[in-house]
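The values are calculated or read from the model by the stated rules, or taken from the named source; none is laboratory data. Remember, it's a predicted structure, so these values are computed and weren't measured experimentally. A quick note on method: Cβ atoms are made from the backbone with ideal geometry, for glycine too, and the neighbour counts reach across all protein chains shown. Each accessible area value is taken on the protein alone, full model and side chains, heavy atoms only, with ligands, DNA and RNA left out. Shrake-Rupley method; radii C 1.70, N 1.55, O 1.52, S 1.80 Å.
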Amino acid sequence: MTGKLILVRHGETEGNVGKILDTRLPGLPLTERGVAQAKTYGANLIAPPQRLFSSAALRARQTGGYIEAATGVALDVLEDLQEVQLGDLEGMNTPAAHEEFQRVYHAWHFGDLSVRVPGGESGEDVLARYIPALHRLRDDYLSRPDAHDVIVVSHGAAMRLVSRELTGVPRHFAASNHLDNTETIELQPFEDGRWTCTRWGRYAAPFGDTTAPAADDQTENIGDDPMG
């Protein structure tokens, strides 16, 4: 198969700037910088995608809309691709709230998907809704040998968790290397149903547990967490 599934994190939002845990639909809009990021991403594509999708969140739909304008490929909204739902932590921006999410999120990456965000989702919940949507995209649009790329605008934490689960990217790498706004995870499908990850943000495959995150990716820096 030649076409890839390209997961794009949305542009910067007011929630990102305020370090607000913003996951409930429809969510906060893009900032002016986020709009510029989305426009730049669309303008820099070498070729238009075969199809363009986004989650139902406002920030993803707005980002996808600017990619649509740049490429001429119509945007369709898909259910089940929203961010990890944070329940009782929704709307918070305190260090304690970020630390609680990080505790749960790291448990997911290191093998305990049953842990649940208070009042929100478990890792199992996220995978159960998100992975079938990606499999449908693979079957519908990427199963032909001559298929072109499919772009999906989505959300950092969900993208990282799902991509690690699908491809076996090393756990420490996936947990430690977040995605900046409009960075991508690129997934290559195979005929036997497997996927491999060819790009993770600034890194190209292969990925190793020893790959050190950049300064702004350090998981101790809770304020820099990429949620949303």
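State, to one decimal in nm, how far the label point of Thr40 lies from the label point of Asp125, with both points 7 Å from Cα in the Cβ direction.
Taking the simple label geometry, Thr40 and Asp125 are separated by 3.5 nm.
What is the list of residues in segment 116-159 whose amide nitrogen lies under 17 Å from a point 7 angstrom out from the Cα of Gln50, following Cα to Cβ?
Under 17 Å, as judged by backbone N against the label point of Gln50, lie 133-153 of segment 116-159.
From the helices alone, meaning DSSP H stretches of at least four residues, give me the mean residue ellipticity at 222 nm for the chain, per-run term -39500 (n - 2.57), in deg cm²/dmol to the nearest 500.
About -11500 deg cm²/dmol.
Scan around Val152 for amide H atoms under 5 Å from its own, H built in the peptide plane at 1.01 Å from N, and keep only partners 5 or more places away or cross-chain.
HN-HN under 5 Å from Val152: Ile6, Leu7, Val8, Phe53.
At a Förster distance of 45 Å, what's the computed FRET efficiency of Asp88 paired with Asp139, Cβ-Cβ distance as r, to 0.05?
The value I calculate is 0.80.
Expected output is a single nm value to one decimal: the length gained when fully extending between Asp112 and Ala96, i.e. 0.36 nm times separation in residues minus the C-alpha distance. What is it?
3.6 nm
Which whole-number value in Å³ per residue fits the convex hull of the alpha carbons of segment 28-102?
Hull volume normalised by residue count: 115 Å³.
Rolling a 1.4 angstrom probe over the protein heavy atoms, how many square angstrom per residue are accessible across the chain?
Normalised by residue count, the accessible surface of the chain is 41 Å².
With the Cα gyration tensor of segment 1-146 giving a ≥ b ≥ c as the square roots of its eigenvalues, does the rule (a/c under 1.5 for rounded; else a/b larger than b/c for prolate; else oblate) give rounded, prolate or oblate?
In terms of gyration-tensor shape, oblate.
Just check segment 151-209 against the gyration tensor rule for me: Cα atoms, a ≥ b ≥ c as the square roots of the eigenvalues, rounded for a/c under 1.5, and otherwise prolate or oblate depending on whether a/b exceeds b/c.
Judged from the Cα gyration tensor, segment 151-209 comes out oblate (a/c at least 1.5, b/c at or above a/b).
Given Cα pairs under 8 Å that are at least 6 residues apart, what percent is the relative contact order of the chain?
29 percent
In whole percent, and with a 1.4 Å probe on the protein chains, what portion of the accessible area of segment 1-151 is carbon and sulfur?
53 percent
Could you check what % of the DSSP bridge pairs in the chain are antiparallel, to the nearest 5?
The antiparallel proportion sits near 50 percent.
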